[in-house]
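The values are calculated or read from the model by the stated rules, or taken from the named source; none is laboratory data. Nothing here was measured: the structure is a model prediction, and the numbers come from that model. Don't worry about glycine lacking a Cβ; one is built from the backbone with ideal geometry, like all the others, and counts go over all protein chains shown. Accessible surface is based on the protein model in full, side chains and every heavy atom, while ligands, DNA and RNA are left aside. Shrake-Rupley method; radii C 1.70, N 1.55, O 1.52, S 1.80 Å.
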Amino acid sequence: MLDISKIRAITLDLDDTLWPIAPVITRAEDVLAQWLDAQAPGAAAIFRHPEQRAAVREAVVQSRPDLGHDLSAIRRESIRLALQQAQEDTDLAEPAFDVFFVERMRVQLYDDAGPALALLAAHYPLVAVSNGNADVHKVGLGQFFRHALSAREFGHAKPDARIFHAGASAVGVEASEVLHVGDDMSLDVLGALEAGMQTVWLNRTDHAWHHAAQPHATVTDLMELCNLLGLEA
Ligand SMILES: [Mg+2]
């Protein structure tokens, strides 16, 4: 059971919590491939082929452990490797990545996300905690967040307790005073539980819960979370 009286801050996941990520990545990859078609057709062909694209990415992840959780760097180096494999100009990796990244920030919020963020932010300091490379300012949500932590900049990714603890510290509260909200059973719910937080599992798509440890509550959208917290517009 959620103990609302203890909550002094809320940490929020981004991808698949505030917006669906799959259509964003699909579109960004399409735009990247179209851009490459004109500049580097060999690399474009690699990126249009799902297995080749996955193989390039895997080669980068294996050969560059130093990139860690930096999805942007992995993406940039994957483009560079594809260009190299196609014997095309590897200097195109930077501008090609920029083309991808602009599209990656064009997210379309779930209908409930905007109104819920406004309500939540009016009552609690909000901190974004994401393993992805979205930027809350670039996606137009900067006004709602007191702080944003990305695995890329922080160096540790969810479910590591350190990124959750950093989220609590960022707004001057204890982990036990934080409610973490996210869609991912392991990365969000189990990670935040392990870090000593209360958790709400955002289950938009009617998944079954698979683990022994339980979230403090489950909601199907973020307005339901607001209702649960007793927040009204
Ligand atoms: Mg997520």
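Tabulated data
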quantity: The range 141-164, residues that are of a type outside the set (A, V, I, L, M) and at pLDDT below 95; calculated: 150, 152, 153, 154, 155, 156
quantity: In the range 192-202, the residues that are more than 12 Å from the ligand (Cβ to nearest atom) and under 16 Å from the mean Cα position of the chain (by Cα); calculated: 192
quantity: Residue list for the range 179-194, filter: of a type outside the set (D, E, K, R) and either assigned to a loop (DSSP other than H, G, I, E, B) or open to solvent by less than 10 Å² (accessible area, probe 1.4 Å) (or both); calculated: 179, 180, 181, 182, 189, 191, 192
quantity: Some residue of the range 70-91 being under 22 Å from residue 150 (Cβ atoms) and β-branched (Val, Ile, Thr); calculated: yes
quantity: Filter result for the condition that a residue is open to solvent by less than 40 Å² (accessible area, probe 1.4 Å) and more than 30 Å from residue 54 (Cβ to Cβ), over 28, 9; calculated: 9
quantity: Subset of the range 151-178 that is of a type outside the set (A, V, I, L, M, F, W, C) and open to solvent by less than 20 Å² (accessible area, probe 1.4 Å) - its residue that is farthest from residue 117 (Cα to Cα); calculated: 158
quantity: Counted residues, the range 123-153 - those being within 16 Å of the ligand (Cβ to nearest atom), over 20 Å from residue 193 (Cα atoms) and in a helix (DSSP H, G or I); calculated: 1
quantity: The range 159-172 residues that are within 12 Å of residue 147 (Cα to Cα), paired with ones that are modelled with pLDDT under 95 (beta carbon under 9 Å, 6 or more apart); calculated: 166/154; 166/156
quantity: Lone qualifier among 189, 178 - being within 12 Å of the ligand (Cβ to nearest atom), under 21 Å from residue 120 (Cα atoms) and modelled with pLDDT of 95 or more; calculated: 189
quantity: Any hit, the range 195-218, residues being open to solvent by 40 Å² or more (accessible area, probe 1.4 Å) and assigned to a helix (DSSP H, G or I); calculated: no
